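Everything on this sheet refers to the single structure shown next.
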Amino acid sequence: MRKGGLSVFDRLKEELDSIMERDPAARSRLEVYFLYSGFKAVRSYRRANWFYRHNHKFIARWISQRARRRTGIEIHPGATIGKGLFIDHGMGVVIGETAEIGDNCTIYQCVTLGGTGKDHGKRHPTLGNNVMVGSGAKILGPFTVGDNARVAAGAVVLDEVPPNSTAVGVPARVVRVNGQKPSSLDQIHVGDPVALELCRLNAEYDKLVKRMCDLHPELRLCSGGESANK
Ligand SMILES: CC(C)(COP(=O)(O)OP(=O)(O)OC[C@H]1O[C@@H](n2cnc3c(N)ncnc32)[C@H](O)[C@@H]1OP(=O)(O)O)[C@@H](O)C(=O)NCCC(=O)NCCS
């Protein structure tokens with residue numbers, strides 16, 4: 001059976017190889033196939049998702065709950081997941097119904113892709129391609145984590161994360177964009193332009209007064225003028 005040009009066997013090989021590339025501890029495809037709970041959970045999800053899309057919601061949930069008991073990983077069958085998802089270690093991972101995950105993402109143990117409880121409809125996050133979510137991180141809400149972004153271990157992300165950036169902390173903040181500290185790109189904490197211009201004018205004024213005083217010390221401006229004495 002071929003899907004999109006690749007046989008089922010080729011797809012399986014591709015998934016196993018993508019895990020081998022990302023896990024230095026993986027010794028062989030056989031090991032990944034039989035022993036990796038993340039691999040098992042994603043395979044179960046693919047079956048459950050087929051039933052979900054064909055409107056057999058009960059069977060879909062039954063498969064996903066059975067996988068949860070066996071692997072400790074709960075992926076709702078309604079989630080949308082691209083190829084090459086690697087859930088490393090896995091225990092405690094929860095992926096919600098309206099979550100979307102791009103290609104080649106890596107997720108570590110105890111990660112939640114969940115809702116805040118405040119949204120309806122689309123309530124869970126969307127991860128772009130090649131996103132890494134560190135152990136224990138919680139990403140909550142219907143926003144996007146951009147391509148190649150990294151979410152640090154233990155972070156609680158409540159807002160959009162731009163592509164190619166790193167988000168850390170609780171609540172998470174972006175600490176790297178393309179490997180650079182974003183302080184130079186900070187669009188929020190910039191100085192007030194009017195206040196900056198007033199300071200500049202004030203300094204110019206002080207300089208002029210001082211010059212006048214040097215040239216004409218008899219002027220009244222110099223005796224009382226605070227600025228002139230600076
Ligand atoms: C975030 C992470 C991916 C590194 O990304 P990076 O883009 O290379 O970022 P850096 O290492 O340059 O760190 C950037 C800043 O975030 C801080 N930081 C890194 N990880 C952090 C974390 N988990 N929590 C809080 N701050 C963190 C760094 O101290 C650094 O601070 P600074 O700006 O004051 O120097 C990595 O630290 C991480 O958390 N990986 C998770 C891996 C994991 O879960 N492994 C489990 C295996 S079982």
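The values are calculated or read from the model by the stated rules, or taken from the named source; none is laboratory data. All values reported here derive from a predicted model rather than from experimental measurement. In this analysis, Cβ positions are derived from the backbone assuming ideal geometry, glycine residues included, and neighbour counts consider all displayed protein chains.
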Lone qualifier among Leu85, Leu158 - being at negative phi, more than 13 Å from the ligand (Cβ to nearest atom) and surrounded by 17 or more Cβ atoms within 10 Å (Cβ to Cβ): Leu85
Quick test for you: out of Arg11, Arg47, pick the one residue that is under 16 Å from Phe86 (Cβ atoms), of a type outside the set (Val, Ile, Thr) and over 25 Å from the mean Cα position of the chain (by Cα). Arg11
From the options Leu198, Leu140, residue that is more than 13 Å from the ligand (Cβ to nearest atom), surrounded by fewer than 16 Cβ atoms within 10 Å (Cβ to Cβ) and of a type in the set (A, V, I, L, M): Leu198
Out of curiosity, is Arg69 assigned to a loop (DSSP other than H, G, I, E, B) and either within 19 Å of Asn164 (Cα to Cα) or among the basic types (Lys, Arg) (or both)? no
Taking region 81-113 and keeping residues outside any loop (DSSP other than H, G, I, E, B) and more than 21 Å from Lys13 (Cα to Cα) leaves Val94, Ile95, Glu100, Thr112, Leu113
Among the residues of region 10-21, is any at pLDDT 90 or above, outside any helix (DSSP H, G or I), surrounded by 12 or more Cβ atoms within 10 Å (Cβ to Cβ) and assigned by TED's automatic domain parsing to the domain that holds Arg69? no
Taking His124 as the residue in question, decide whether it is under 17 Å from Lys40 (Cβ atoms), at pLDDT 95 or above and out of contact with any Pro (no Cβ under 6 Å at 6 or more places or on another chain). no
